[in-house]
Every structure is written in C-alpha cells, then in structure tokens.
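Read the structure below first, then the notes.
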Amino acid sequence: MFCPRCGAENKSEQKYCRQCGLSLAVTPLALTGQLDEVLGELKKGEKSIQKGATLLGVFLLVTLVTIPLSGAYSMVRLKAAKNVPSLQPNTI
Ligand SMILES: [Zn+2]
C-alpha cells in the first residue's frame, strides 16, 4: 500500500511507513476521512486540465485561421506595392 502522507510504497505487512513513520494501521481510516478532499483535488486538476486543453484548442484554432489570413493579406499588400512604383525599393 502507499503511505497517505508521503506516498511512499510500503509492504502491506508493515505497520509503519518506512519513509515518514506514519502508522499504516490508521491508513484506511485516514483514506476514508480524506477521500472527499482527494477526489475534490482530483476534480479540480481535471477541470484545470480541461480548461487548459480548451484554451490550447482555441489558440490553435485562432492561429490556424490567422496565419493563412495574414499570409493572404501580406500577398495582397505585396501585389498592391508592386502596382505602386514609388513603394518599390529598387526604384529608389
Ligand atoms: Zn509515509
């Protein structure tokens, strides 16, 4: 079993955690007492991960849409610049 305090792995026949010395006899009690808290933390973590994934997806979407648009925009600007002789660096 894993120690609920430090997470160290202990053999089931051990009475105390070899890492931090916590009595493993109370581990089931501690686990049931902390179960809601642990689950709450896990759900918070999942939500933040989902939020991060959503933000990443939106960012990727915006990037994928923006890059071709900005590319087309600069192409248009280049074409427009070629039509105006005064804007060409070679004529200066
Ligand atoms: Zn421990």
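The values are calculated or read from the model by the stated rules, or taken from the named source; none is laboratory data. Since the structure is predicted, the reported quantities are computational estimates derived from the model, not experimental observations. Because the Cβ atoms are built from the backbone with ideal geometry, glycine has one as well, and the counts that use them run over all protein chains shown.
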Requested in this report: Check whether at least one residue in the stretch 23-42 is in a loop (DSSP other than H, G, I, E, B) and modelled with pLDDT of 85 or more, and report yes or no.
Outcome: no
Report task. Output yes when any residue across the stretch 3-22 is part of a helix (DSSP H, G or I), surrounded by 10 or more Cβ atoms within 10 Å (Cβ to Cβ) and at pLDDT 75 or above, and no when none is. Result -> no
